[in-house]
Amino acid sequence: MVTRREVLDVFLYNLGYPEYDMVDGSQEAYARHVCFGGNSIQVLPKETFSLTTMEGMIYIDYYRCPVCGKVIIDKNFM
């Protein structure tokens, strides 16, 4: 059985995002984010990463800031 940590490691490795935050829920199509690299509020569209495992498909909803590169991940993905 694949663990949450393994799935998260594969996700971060495949997308190349070293910095991330985990949040409760991601029902909204967009998230607001203020980063140190910008001087305004960024409106980030929700994206979905899919991973095929022996147990089936796992989907991770996330938002990524194009300015600072931070990823915001729904911690309830599994």
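Laid out as a table, the results:
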| item | result |
| --- | --- |
| With Cα atoms, 0 to 90° folded angle of helix 4-15 axis to the chain main axis | 60 |
| Per DSSP, loop chymotrypsin sites (Phe, Trp or Tyr not before Pro) in the chain with at most 15 further Cβ within 10 Å | F36 |
| Cα lying deepest toward the dipole's positive end in the chain, options T3, V67, G56, charges on Cβ | V67 |
| Solvent-accessible area per residue for the chain (1.4 angstrom probe, square angstrom) | 67 |
| Three principal axis lengths of the chain [C-alpha, angstrom, descending] | 44, 24, 16 |
| Sequence-separation-based contact order of the chain, relative, with Cα cut under 8 Å and 6+ spacing, percent | 33 |
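The values are calculated or read from the model by the stated rules, or taken from the named source; none is laboratory data. Here the structure is a predicted model, which means the values were calculated and not measured. Reconstructed Cβ throughout: ideal geometry from the backbone, glycine too, with neighbour counts over all protein chains shown. Just the protein is used for accessible areas: all its heavy atoms, side chains included, with ligands, DNA and RNA removed. Shrake-Rupley method; radii C 1.70, N 1.55, O 1.52, S 1.80 Å.
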